[in-house]
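Read through the structure below, which is laid out as structure tokens, and then see the notes.
The values are calculated or read from the model by the stated rules, or taken from the named source; none is laboratory data. Small disclaimer: the values here were computed from a predicted structure and weren't measured. Cβ: placed from backbone, ideal geometry, glycine included. Neighbour counts: every protein chain shown.
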């Protein structure tokens, strides 16, 4: 183990991604900055594949990487990320998915950002989908966020109120993370067959409650694997309905008024999705029209507590 006091702690929550996590680790090993500046913490959240073996083999074969492998038995990414954060020694916590691939200047980019903007409590970067085998014909900008696509701005800027980074590529100051109690485990992410999402949104809403700033930097990039299993109606439903389900949990303290306000917002977005669908039809892209409507219906179903089965878009 090197880097007793690393600047950055990269935390990867993993669940059955033995096929991809090696590439994620290799991308961190190939960073353009000394390994003394960062550590890598993998938290296995009850994987049943070869994730354990892949990670241990990689860490054993790369002893100069300051890495550790932990396990978290409580199912849900919020539990796993909190476990990783508790073990982290870095001043900055960086969260990355187990099927993401970081650019060579990923770590140095975050170090530079927090050095140049000392009052920022958090940050996020660009997430570029890498479709396997290919991007489907029905995919559009308005749906691609469900598979991790994120491109908030062409230049570095502060997130506007109500906007926030995605969990595949985000960072927060360790002290600020501890101050607010980390991720809300009532929003665990994937748990069993359901998803209760919005954990990142909730985290950043609490971080910025005092007016603190969150910065977006498009130069800090990861590629995010979007495999065939993520390109089905069932998967898209699980993610979209999980957004609504998580939002219901997040605003539970606001009572009936909060529920009705959020439902009104979702119904407005549903109406807007019909306009978008019509525009896609006019552009001769009928396959892109239906998913934008399904997205909004799925969110509403999750929000009001409907659980249904969906079939493939294609």
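Overview of values
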read-out: Scan of region 155-176 for residues that are part of a strand (DSSP E or B), closer than 14 Å to residue 120 by Cα and within 14 Å of the chain's Cα centre (by Cα), ordered by number; value: 170, 171, 172
read-out: Filter pass, residue 18 being within 21 Å of residue 130 (Cβ to Cβ), out of contact with any helix residue (DSSP H, G or I) (no Cβ under 8 Å at 6 or more places or on another chain) and either outside the structural domain of residue 111 (by TED's automatic domain parsing) or buried (at least 16 other Cβ atoms within 10 Å of the Cβ) (or both); value: no
read-out: Selection from region 20-32 of residues that are part of a helix (DSSP H, G or I) and in contact with a strand residue (DSSP E or B) (Cβ under 9 Å, 6 or more places away or on another chain); value: 20, 21, 23, 24, 25, 26, 27, 28, 29
read-out: Selection count, region 218-270, where residues are in contact with a helix residue (DSSP H, G or I) (Cβ under 7 Å, 6 or more places away or on another chain), closer than 30 Å to residue 31 by Cβ and part of a helix (DSSP H, G or I); value: 3
read-out: Selection within region 137-148 - without any contact (Cβ under 8 Å) to a residue 60 or more places away in the chain and surrounded by 15 or more Cβ atoms within 10 Å (Cβ to Cβ); value: 144, 145
read-out: Count of region 177-202 residues which are assigned to a helix (DSSP H, G or I) and buried (at least 18 other Cβ atoms within 10 Å of the Cβ); value: 5
read-out: So residue 128, is it outside any loop (DSSP other than H, G, I, E, B), on the phi < 0 side of the Ramachandran plot and either modelled with pLDDT of 95 or more or assigned by TED's automatic domain parsing to the domain that holds residue 91 (or both); value: yes
read-out: Condition met for residue 205 (in the same structural domain as residue 136 (by TED's automatic domain parsing), under 20 Å from the mean Cα position of the chain (by Cα) and assigned to a helix (DSSP H, G or I)); value: yes
read-out: Of all residues in region 33-67 being free of Cβ contacts under 8 Å to residues at least 60 places away in the same chain and part of a strand (DSSP E or B), the one that is farthest from residue 104 (Cα to Cα); value: 44
read-out: Condition met for residue 87 (surrounded by 24 or more Cβ atoms within 10 Å (Cβ to Cβ), out of contact with any helix residue (DSSP H, G or I) (no Cβ under 8 Å at 6 or more places or on another chain) and in contact (Cβ under 8 Å) with a residue 24 or more places away in the chain); value: no
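Yes or no, residue by residue, for (1) surrounded by fewer than 21 Cβ atoms within 10 Å (Cβ to Cβ); (2) at pLDDT 95 or above:
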| site | (1), (2) |
| --- | --- |
| 64 | yes, yes |
| 81 | no, yes |
| 93 | no, yes |
| 105 | yes, yes |
| 132 | yes, no |
| 135 | yes, no |
| 151 | yes, yes |
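Conditions (1) touching a strand residue (DSSP E or B) at 6+ places or on another chain (Cβ under 9 Å); (2) closer than 17 Å to residue 241 by Cβ; (3) surrounded by fewer than 13 Cβ atoms within 10 Å (Cβ to Cβ), marked per residue:
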{"position": "267", "(1), (2), (3)": "no, yes, yes"}
{"position": "271", "(1), (2), (3)": "no, no, yes"}
{"position": "278", "(1), (2), (3)": "no, no, yes"}
{"position": "289", "(1), (2), (3)": "no, no, no"}
{"position": "295", "(1), (2), (3)": "no, yes, no"}
